[in-house]
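Single-structure report; data block below.
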Amino acid sequence: MQLSDFARDMKKLTDKMGRNLVKETLEQVDEELRESSIRKKEWYIEHRNSTKSIITVLGEVVYSRTYFVSKLSKEYKYLVDELFNITPHERLDQGVKIEIVEHATNLSYRKSGQETLVPVSAQTVMNTIKAIDVIKHEVVANTKKQVEVLYVEADEDHIHLQNGKGAMPKLIYVHEGIRQVSEKRNELINAYYIGGLIDSSNSLWEEVYEYIKNNYDLDALKTVYLSGDGAAWIKKGVNYLPKEKFVLDKFHIAQYIRKATQQNKEYSAKIWEYLKESNKVAFEAIMNELLQVTESKSKQKEIIDCKRYLLNNWDGVQIRLQDKDVIGCSAEGHISHIYSARMSSRPLGWSKNGADQMSKLRVYQANKADVEELFNIRLREKKAKEVSKYMIRNGISNVKGSSGELNHNIKILNNGKVTPIFRFKNIYHR
C-alpha cells in the first residue's frame, strides 16, 4: 500500500468520524436545551426533530433540532443553531466560506469550487463572495509613527464587464520607501493598500487621508509624494493629502517620449535634456521642430499628445527629475500583481458588483489581513443587534440574565464532559 493511499483513506475515516461527532454534539446540546429549567422559563417547544443539513469542512452534517417559541416576544428560534451561530437557511459553515474566499481570490469561481475540501458549484462561490458585507482592513497605530517622507502611488486596471463595457478598479497604496531584501528583489516599507471599483475616487482618497492621519504624526511629516500617470482622479488626491507634491510617473514620461520620437530617435536625448533643465521654452521648440520633420499623421498625433501631456504635468515632471527624495513609482507592477493576475489577465466577464467585491478582496489579501475576520465582523454586528433588541424588549441596561445563563448552563459547552466530547478526547489520545 502507498502512504498516500493510506493517508487518503485515513482522512475519509477521520472526516466521517468528525461529522458524526458534530452531529452528536449538536443533538446533545439540543437535548440539554429541551431539559433546561432556564429554557423552560422563557421558551416553549413548538416542535421537535426538525432536520437541517449544513456543509462543513468535514463534509455534510445532517442533524435534528428543536423549534422553540419565546413566551415573551413570540419569536421562533432553533436555539441550538443560535448557540452555534448557524443562521436560518445557511447551507455552508463559516469554515467552508473562508476556504472558498481564499481560493476565489486566486482562482476562477469554477476552479475555486473544485479546490475546496468539500466541492461546491461556481454559483455557490459567487454567492459567497457577494454576500460579504464589509471588505475593509482598518489599521490604527497605538503610537503614531514619525517619518519625514511618505509615498502614495495610484493606478487603475482595465477589466471586461458582462455587458460588454469596460471598468477600471482603482488602487492606491501608501508606503515609507523601498528597501532591498535580496540581490534581485526590493520591497515597499510598511505598504498599505486601498482600492475598489464602485467607490468614488473621493471616498478612496478620504480613506487614504484617514489612514495617514491615524498612523503618522502629521507634525513630523514634511512631504507626501503622490505618484501616478496624471489621470484626473489621481491628481484629485492633492486635495486630500497633507503636505503633498504630485509626481508624474517616469514610466509614462518615457513612454510618451518613446512613441513621439520613434521615427526620429535623435530627438529623444534633447527632449530629456530640456526636461531636466526645466527649460519649457526649449522643450516646446524642439517638440514643434519634431512635428515639422515628421510626415506620418499618426506619428504627428503622438507628438502632439506627448507635448500636451508633458506640459499639462510640467510641475510633476520637474519634481520627478529634481527632488532627491523621489523614488521610482511601482504602480504598474502592483496593479499587475493585485488586480490583473486575477481580474484582467484572462478574458473574464465580471458583473460590476462582483468586480468591486473581488478588487476589494485582492486589496484585503495584499494587506495580509485574515479572511476569517470578514465573517467575524458580520457575526459581531449580528450579535450586537440581537443584544440591543433583547435589552430594549426587556427594559434593561445590562444583559447578564437568562440568555447568558442558558449558554453557561449547557454542560457540553462548559467542560466537554458529556459523551461526544469525552469520546473525542479518548479517540484523540489513543
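Only the coordinates and a few stated rules stand behind these numbers; no lab work does. Keep in mind the model is a prediction, meaning the values are calculated, not measured. All Cβ positions, glycine included, derive from the backbone under ideal geometry; neighbour counts span all protein chains shown.
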Task: Matching residues in the stretch 73-91 - criterion: being β-branched (Val, Ile, Thr) and either in a loop (DSSP other than H, G, I, E, B) or on the phi > 0 side of the Ramachandran plot (or both) - done: ILE86, THR87
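What strands (runs of 3 or more DSSP E), lying completely within the stretch 168-213, carry at least 2 residues that are among the charged types (D, E, K, R) and over 16 Å from ASP155 (Cα atoms)? Lay out the reasoning, then the answer.
Numbers: elements: 170-175, 178-182, 185-188, 192-196.
In the stretch 168-213, 185-188 are the strands (runs of 3 or more DSSP E) which contain 2 or more residues that are among the charged types (D, E, K, R) and over 16 Å from ASP155 (Cα atoms).
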TODO: Being under 16 Å from ILE257 (Cβ atoms) and without any contact (Cβ under 8 Å) to a residue 24 or more places away in the chain is the filter here, so list the residues in the stretch 271-299 that pass it.
DONE: ILE271, TRP272, GLU273, TYR274, GLU277, ASN279, ALA282, ALA285, ILE286, ASN288, GLU289, LEU291
Open item on the list: Can you tell me how many residues within the stretch 324-356 are closer than 18 Å to TYR173 by Cα, of a type outside the set (A, V, I, L, M, F, W, C) and assigned to a helix (DSSP H, G or I)?
Closed with: 8
Task: Only one of LEU204, LEU241, LEU275, LEU218 that is surrounded by 19 or more Cβ atoms within 10 Å (Cβ to Cβ) and farther than 24 Å from TYR339 by Cβ - done: LEU275
Open item on the list: Condition first: of a type outside the set (S, T, N, Q) and on the phi > 0 side of the Ramachandran plot. Can you find one or more residues in the stretch 157-170 that meet it?
Closed with: yes
